[in-house]
1. Report, in deg cm²/dmol and to the nearest 500, the calculated mean residue ellipticity at 222 nm for chain B, where each DSSP H run with n ≥ 4 adds -39500 (n - 2.57) and the sum is divided by the residue count.
2. Sum -39500 (n - 2.57) across every DSSP H segment of at least 4 residues in chain A, then divide by the residue count to get the 222 nm mean residue ellipticity, nearest 500.
3. At a threshold of 8 angstrom on Cα-Cα distance, excluding pairs fewer than six apart, so keeping six or more, what relative contact order does the stretch A:91-154 reach in percent?
4. Using 1/(1 + (r/R0)^6) with R0 = 22 angstrom and r between the beta carbons of A:E19 and A:S62, what's the FRET efficiency to the nearest 0.05?
5. Give the Rg/Rh ratio for chain A, taking Rg as the radius of gyration of the Cα atoms and Rh as the Kirkwood radius, to two decimals.
6. Looking at the calculated P(r) for the stretch B:149-256, what percent of the C-alpha pair distances fall above 23 Å?
7. When the Karplus curve 6.51 cos²θ - 1.76 cosθ + 1.60 is applied with θ = phi - 60°, which whole-Hz ³J(HN,Hα) does each residue of the stretch A:59-68 get, with x for Gly and Pro?
8. Could you pull the Cα extents of the stretch B:1-73 along its three principal axes, largest to smallest, in whole Å?
Amino acid sequence: MKVDREIILIHEVSHQFSESIIALQNIFLSIAQGEFVVFLGPSGCGKSTLLRIIAGLDQPTSGFVEHHCGQVSTESFPIGFVFQDPTLMPWATVSQNIHLPLKLAGTSISDSQGLIQQQIASLGLQGFEHAYPRQLSGGMKMRVSIARSLITTPQVLLMDEPFAALDEITRMRLNDDLLSLCRKQSFTTLFVTHSVFEAVSMAQKIVIMSPRPGRIVDVIDNTKPTDDPEQWRVSTEFAKRCAYVSHQLRLHSLQATSEALIQ
Amino acid sequence: MRLNLNRYLPWFVFLLALLAWELLVSIYQIPHYILPSPRLIGVTLIQNFESLAPAWWFTVKITFGALGLSVISGLLLASLFVLSPWIERSFLPFAIILQVTPIVAIAPLILIYIDNTTGALLLCAWIVAFFPIMSNTVIGLRATDKNLRDLFRLYKASRWQTLRLLLMPSASPYFLAGLKIAGGLSLIGAVVAEFTAGAAGRETGLASRILEASFRTETPKMFAALVLVSLTGVAIFSLLNQLSVFFLEHWHDSEI
């Protein structure tokens with residue numbers, strides 16, 4: 001499944017908000033096509049900032065990000081972005097919200113009906129086409145948000161703590177659905193979270209980040225013995241992996257604190 | 001049953017108040033030049049309809065003219081202010097000065113500088129009405145979801161697309177709230193300006209009728225004109241309210 005073709009290269013990226021606040025320091029990371037990479041770290045470690053820089057929403061103070069998304073047709077847009085909030089337009093229906101990226105590219109809603117229906121079906125939103133966001137639950141809103149980001153068939157999907165505000169049960173179901181979508185449509189996913197459990201259950205590669213200054217402290221290979229997420233979650237190997245990642249996270253954050261104290 | 005009561009209660013109380021008024025006037029035999037009874041006001045309204053109707057139409061024209069100008073200029077200024085902090089910093093003081101200076105104090109000056117009475121009245125009513133539209137729209141445009149803005153940027157939306165598909169809908173609840181205030185204010189502005197202008201000029205509105213009647217101590221006629229002003233105000237309010245419901249009922253918490 002994994003193709004070793006590099007799709008994103010983050011080269012020596014540093015980002016500074018002010019002279020004293022270094023959000024990111026010397027980030028170097030290569031991401032292969034089709035990979036599911038999870039960025040894990042405590043708040044303030046710059047993981048969201050890194051995602052925004054990769055999306056081109058912010059410019060790094062130094063360094064650069066290279067995209068090798070290849071030739072893209074007019075229909076498709078190389079990057080999809082899912083925010084922590086569903087970020088839907090409250091005045092527009094589910095269909096209209098999902099249609100937005102195509103509308104901005106100049107395709108009318110009637111010409112996009114096929115693609116919209118496809119997204120609605122693959123995210124289980126049937127029957128809600130004409131509902132307004134306020135009528136939906138948090139999980140459903142997030143599904144609409146994901147459908148909107150996937151309608152352009154992006155090669156890279158960036159997700160900034162998308163399920164942080166959801167309850168455990170909804171979150172787990174969305175985790176599983178996202179994984180199966182990734183497998184079917186084989187896009188590259190960069191997923192930010194502060195949950196060890198979520199990271200281990202989703203990732204192929206876990207990038208551990210540490211704050212002040214925000215940097216990558218460890219990259220853990222998280223190859224899963226099975227494709228079935230439920231089976232993976234109940235295995236002893238999963239528990240061990242969680243314990244290991246947790247331990248690494250704590251180790252590095254302790255180090256960061258003591259370094260900060262020495263400085 | 002409860003629903004019906006809720007619905008008719010305001011009308012019932014209103015009729016009761018009119019009845020009390022009528023009784024009060026007849027019991028204490030209050031002379032009509034001090035306080036006319038509601039019945040007399042009604043009769044006066046019908047009898048003087050021929051002179052009151054054109055005056056009413058004139059006031060309505062000024063009111064809606066000023067409201068229309070306020071909408072155009074309020075939206076335009078708000079967009080300019082949001083686009084450029086420089087423009088806002090330069091021109092906001094003027095807008096505030098216009099807003100805080102009582103219109104009765106400015107109206108005589110405007111009447112000196114503008115020969116055309118209709119134009120002067122329009123200007124006065126506009127000064128009172130445009131501010132709530134402008135300031136509300138500025139807040140609405142600023143309150144646009146930051147993430148949605150980023151999303152539009154990510155998909156390389158043009159300025160026009162961002163304005164039409166994002167800024168305008170998200171500012172619309174604020175704009176409509178401003179419009180409701182401005183509707184009432186433009187009527188007040190039109191009437192106040194006309195009071196200051198006096199009965200001069202060929203075309204005159206309801207305020208002139210009230211002034212005229214007061215010179216002749218025709219109190220019932222004053223009340224009749226006043227009733228028309230109030231009814232017009234109520235009609236404007238409910239019209240704008242309907243407009244707000246129409247645009248917001250599907251999605252905005254204020255109208256659900």
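Where a number appears in this text, it was derived from the coordinates with a stated rule and is not lab data. All of these numbers come straight from a predicted model, not from anything done at the bench. Every residue, glycine among them, receives a Cβ derived from its backbone with ideal geometry; neighbour counts consider all protein chains shown.
1. Numbers: 10 runs with 203 residues, N = 256.
It comes out at -27500 deg cm²/dmol, rounded to the nearest 500.
2. On the way: 8 runs with 101 residues, N = 263.
Taken over chain A, the calculation gives -12000 deg cm²/dmol.
3. On the way: 60 pairs, mean separation 33.1, N = 64.
Reported relative contact order: 52 percent.
4. Numbers: r = 14 Å, r/R0 = 0.65.
That pair, A:E19 with A:S62, gives E of 0.95.
5. Working: Rg = 18.7 Å, Rh = 19.2 Å.
Taking Rh as the inverse mean 1/r over Cα pairs, Rg/Rh reads 0.97.
6. On the way: 2984 of 5778 pairs.
Counting pairs separated by more than 23 Å, the tail of P(r) holds 52 percent.
7. Each residue's phi maps through the Karplus curve to give 9, x, 5, 8, x, 8, 10, 9, 9, 10 Hz.
8. On the principal axes, the stretch B:1-73 reaches 51, 41, 19 Å in Cα extent.
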